[in-house]
1. Can you give me the distance in nm between label points at Asp125 and Leu46, each placed 7 Å from the Cα along the Cα-to-Cβ direction?
2. Using 0.36 nm per residue of separation minus the Cα-Cα distance, give me the extension gain between Ser139 and Asn68 in nm, one decimal.
3. Lysines near Lys11 by alpha-carbon distance under 17 Å, same-chain residues fewer than 8 away left out - which ones?
4. To check you understand DSSP bridge types, tell me what percent of the beta bridges within the range 1-113 (both residues inside) are antiparallel, rounded to 5.
5. Out of residues 5 or more away from Leu14 or on other chains, whose amide H comes under 5 Å of its own, with H placed 1.01 Å from N in the peptide plane?
6. Whole-Hz Karplus ³J(HN,Hα) for the range 67-79, in order, using 6.51 cos²θ - 1.76 cosθ + 1.60 and θ = phi - 60°, x for Gly and Pro?
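Nothing in this text is a laboratory measurement; each read-out follows from the coordinates by a stated rule. These numbers were taken from a predicted model, which means no experiment stands behind them. With ideal geometry, Cβ positions are generated from the backbone for all residues, glycine too; neighbour counts draw on all protein chains shown.
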Amino acid sequence: LAAVIAQRGSKVLLIDADLHKPVQHRIWDLSNEVGLSNMLVNQVKLGDAIKPVSETLDVLTSGVVPPNPAVLLDSERMASLINHVASRYDFVIIDTPSLNVAADAPILGKMTDGVLLVSRPGVVDSGSAAFAKGLLEQSGQTVLGLVVNGVIPDNEPNSYYYFSQEYISDDSVALNRILDVASYE
């Protein structure tokens with residue numbers, strides 16, 4: 001999602017706030033020696049922790065895995081960081097662990113404009129996704145919608161997840177479709 005938005009020309013910061021089992025550094029082939037956790041405990045300045053991936057996409061990797069991630073994430077410093085970067089980027093996307101692993105998403109959701117649930121067919125069933133949405137809403141979160149990733153169009157030819165090759169080849173149309181799905185309730 002961050003890459004598609006950045007391809008449209010918007011300035012995007014992707015924050016890996018999964019301080020349990022971070023993955024964004026592997027996805028983008030970046031070092032994870034310094035990142036969010038280091039910045040939150042004043043070991044490094046924000047500018048030294050953010051890594052440019054493209055002209056319009058920056059990544060803040062998780063950094064060293066701390067002993068108690070929730071304490072770092074549920075801090076005034078984290079709230080201040082989010083406010084600071086929100087004024088400098090068009091979009092800030094925060095990757096968190098799944099709700100069944102940690103309560104980090106609800107903690108961070110209170111500091112953001114909203115939460116997008118991310119689901120993968122065959123991994124998360126519709127009942128679990130609905131339960132997660134309800135849990136977030138009960139905790140006062142603004143649930144923006146659901147993003148379904150890992151869909152193989154050949155496996156879903158009759159579902160609303162199906163995208164034709166022409167449809168996904170146009171980045172602007174693809175982003176609009178993703179944002180439409182994200183706002184779907």
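1. So the two model labels end up 4.3 nm from each other.
2. Details: separation 71, 0.36 × 71 = 25.56 nm, distance 2.13 nm.
Length gained between Ser139 and Asn68: 23.4 nm.
3. Output for Lys11: Lys51.
4. On the way: 3 of 12 bridges.
So the antiparallel bridges in the range 1-113 amount to around 25 percent.
5. Counting only residues 5 or more places away or on other chains, the set is Asp58, Val59, Leu60, Ile93.
6. Values per residue, Gly and Pro as x: x, 9, x, 4, 5, 5, 6, 8, 10, 4, 5, 5, 4 Hz.
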